[in-house]
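For reference, the structure is listed below as structure tokens.
Just so it is clear, none of the values below were taken in a lab; they were calculated from the coordinates. Not measured: the values here are computed from a predicted model. Don't worry about glycine lacking a Cβ; one is built from the backbone with ideal geometry, like all the others, and counts go over all protein chains shown.
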Amino acid sequence: MEYRRLGRSGFQVSAICLGTMTFGEQNSEAEGHAQLDYALERGVNFIDTAELYPVPPRAETQGETERIIGSWLKSRGNRDQVIIATKVVGPGRDWLPYFRGGDNRLDRANIEAAVEGSLRRLQTDYIDYYQLHWPDRQTSCFGKLGYPWPEEEEESVPLEETLEALSDLVRAGKVREVGVSNETPWGVMRLLCLSEQKGLPRIQGIQNPYSLLNRSFEAGLSEITRYEQVGLLAYSPLGFGVLSGKYLDGRRPPGARLTLFPDYTRYSNPQAEAATREYVTLAREAGLDPAQMALAFVTSRPFTTSTIIGATTMEQLASNLDSLEVELTPDLLEAIDEIHARYTYPAP
């Protein structure tokens, strides 16, 4: 396993991070524990979760993923061997009314309540890396490329207030480092400026989507990672498993994520399917597993700190971890870029 520095923090995190959003929905507690055991054996020391999980989010299961991780930590007694990352939800009055009465903004009261809930479920005294799951303001995330210019001045929690709340949690020892998710170049730079100007915590990472089907991170955020050392934690590197090729030609394997949850269409539009077909063909012609090629591409980017993988079976988990052994030749990378030129951001 390769380990990389998370931002400018003292954390050395594994190049592969275990994503856990299936725990409590597609995976049972026992299966979640088995995945965590195996990942740790393979050198994974970075575990990502969120108060929102499992996905799809439901009031009945909310927090179950953190609870499963917490029961694993307690039973194994290995808290000091892993770096736990979790997240606080952003605004979601319309679709997350069960979070703190539906008034789930990124203000002090919500963040403090969210941290206490996560600490309780995780059965720990501290969170290593705490992230804002999505911005409080309207912006381009979750499948959007263009900025949704608001017709009227919107009300959102000032970034300074959010960062001050996180600062108090760091001083209290409940959070060690902080970061963002689904964030834009403006948001990242504004937070960094506030950190410098006000002496507030510095964000150490950006958890955003990045895959062969969505390389939009390269357009603006990648430059920030170089000059500011705020690295990418890449989520959906397989586009909900689409890049494995298992959904091509309308196939829906039993138990697969898009079979169970067909409303998740972010990575299965016609352009994304056409691009996937070409990437799968390229991988097979090169004698590679398509999913492993897709993961190897993400992990090998100079701005990637860690690639967040998710699996529902131990076989998938082992295969995903084996992607670390895949080396992409210059010719293969050139061929990937040629496909990207034909299908640019088919699934943002």
What is the order of W72, W149, W134, W186, fewest Cβ neighbours within 10 Å to most?
-> W149, W186, W134, W72
When each pair of different Cα atoms in the range 216-286 is counted once in the 1/r mean, what is the Kirkwood radius in angstroms, to one decimal?
-> 14.0
Distance in nm between D249 and E161 label points, each 7 Å along Cα→Cβ, equals 5.5
Everything considered on the Cα gyration tensor (a ≥ b ≥ c; rounded for a/c under 1.5, else prolate if a/b is larger than b/c, else oblate), the range 1-94 must be described as oblate
If one takes the longest principal axis of the Cα atoms in the chain, at what angle in degrees, from 0 to 90 and to the nearest 10, does the Cα axis of helix 270-285 lie?
-> 60
Viscosity 0.692 mPa s, temperature 37 °C, Stokes-Einstein D of the range 103-192 from Kirkwood C-alpha radius, µm²/s | 232
Straight-line reach check, K246, cutoff 13 Å on alpha carbons, 8 or more apart in-chain or any other chain, hits among aspartates and glutamates -> E273, D289
Please go through the range 125-166 and write out the GluC sites (Glu not before Pro) that DSSP classes as loop and that have at most 12 other C-beta atoms within 10 Å.
-> E151, E152, E153, E154, E155
Sort 326-334, 84-92 for me by packing, meaning the mean count of neighbouring Cβ atoms within 10 Å per residue, highest on top.
-> 84-92, 326-334
For the chain, longest principal axis from Cα atoms; helix 64-76 axis from its Cα atoms; angle between them, nearest 10 degrees, is 90
Determine which lysines satisfy two conditions relative to K74: a Cα distance under 22 Å, and not lying fewer than 8 residues away in the same chain.
-> K87, K174
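Quick check for me: using +1 on Lys/Arg Cβ and -1 on Asp/Glu Cβ, what's the dipole size of the chain about its Cα centre, in debye to the nearest 20?
Dipole magnitude for the chain comes out near 440 debye.
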Cβ-defined net charge surrounding P209, 14 Å radius [Lys, Arg +1; Asp, Glu -1] = +1
Over the range 260-348, what number does the Rg to Rh ratio reach, with both radii from the alpha-carbon atoms and Rh per Kirkwood?
-> 0.96
